[in-house]
1. Tally up the residues in the range 53-72 that are farther than 15 Å from Leu36 by Cβ and of a type in the set (Val, Ile, Thr), please.
2. Take Pro32 and decide whether it is part of a strand (DSSP E or B) and over 11 Å from the mean Cα position of the chain (by Cα).
3. Could you grab me the full set of residues in the range 22-38 that are aliphatic (A, V, I, L, M) and modelled with pLDDT of 90 or more?
4. Among the residues of the range 39-88 satisfying the criterion of being more than 29 Å from Gly102 (Cβ to Cβ) and β-branched (Val, Ile, Thr), which is modelled with the highest pLDDT?
5. Are there any pairs with C-beta distances below 6 angstrom linking a residue in the range 67-90 that is surrounded by 10 or more Cβ atoms within 10 Å (Cβ to Cβ) to a residue that is assigned to a helix (DSSP H, G or I) and not charged (D, E, K, R), with the two at least 6 apart or on different chains, and if so which?
6. Condition first: in a helix (DSSP H, G or I), under 22 Å from Leu4 (Cβ atoms) and in contact with a helix residue (DSSP H, G or I) (Cβ under 8 Å, 6 or more places away or on another chain). Now tell me which residues in the range 44-99 satisfy that.
7. Pairs needed: first member in the range 3-28, touching a residue at least 12 places away in the same chain (Cβ under 8 Å); second member anywhere, surrounded by 10 or more Cβ atoms within 10 Å (Cβ to Cβ); C-beta distance under 7 Å; at least 6 residues apart or different chains.
8. Mind checking which residues of the range 43-83 are among the small types (Gly, Ala, Ser) and over 26 Å from Met28 (Cα atoms)?
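The values are calculated or read from the model by the stated rules, or taken from the named source; none is laboratory data. The structure displayed is predicted, hence computed values, not measured ones. When we count neighbours, we look across all protein chains shown, and the Cβ atoms used for this are built from the backbone with ideal geometry, even at glycine.
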Amino acid sequence: MTDLLKKTETWNWTPQCEVAVDNLKRAMVTDPVLALPDMSKSFVVETEALDFALGGILMQDDHPVAFESKKLKDVERRYSVHEKELLAVVHYLRLWQHYLLGSLRGQDGQYCSESFHDSAKVDQ
């Protein structure tokens, strides 16, 4: 459906577009309900890189705090699988940095070292 936003695209409302809108409406009024973030707890970011898009979920205590998806640009679609996965990680760390800064933890639950924070600063 996002292709309809292109200047060169002629407006062609298809049955697939209608289904997509109906699915969006249904998703907006049903579970899962987003949890409010608790800044005293750690966050988990899950990412997915597909052929045409990136997806991410910001979670806390196994409850979603935020969802986001991003359609890939034509040049990004030509990236390798590894590059797309890294693109997803960078994109979502930047997007949710205001939640994540100060709460980064390693897999063992320990806070990441100060040197990691210094080397992982996100460009403004």
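1. Just the residues of the range 53-72 that are farther than 15 Å from Leu36 by Cβ, to begin with: 53-57, 68-72.
Still in the running and of a type in the set (Val, Ile, Thr): 57.
Summing the residues that are farther than 15 Å from Leu36 by Cβ and of a type in the set (Val, Ile, Thr) in the range 53-72 gives 1.
2. Numbers: part of a strand (DSSP E or B): no; over 11 Å from the mean Cα position of the chain (by Cα): yes.
It is false that Pro32 is part of a strand (DSSP E or B) and over 11 Å from the mean Cα position of the chain (by Cα).
3. Quick first cut of the range 22-38, residues aliphatic (A, V, I, L, M) only: 24, 27-29, 33-36.
If the condition is that a residue be aliphatic (A, V, I, L, M) and modelled with pLDDT of 90 or more, then Leu36 is the only one that fits.
4. Filtering the range 39-88 for residues that are more than 29 Å from Gly102 (Cβ to Cβ) and β-branched (Val, Ile, Thr), the one modelled with the highest pLDDT comes out as Val75.
5. Lys71/Thr2
6. Start the filter on the range 44-99 by keeping residues that are in a helix (DSSP H, G or I), which leaves 74-77, 81-95, 97-99.
Adding the requirement that they be under 22 Å from Leu4 (Cβ atoms) leaves 74-77.
Listed by number, the list holds a single entry, Glu76.
7. Cys17/Met1; Ala20/Met1
8. So the first thing to find is which residues in the range 43-83 are among the small types (Gly, Ala, Ser), and the list is 49, 53, 55-56, 66, 69, 80.
Passing the criteria: only Ser80.
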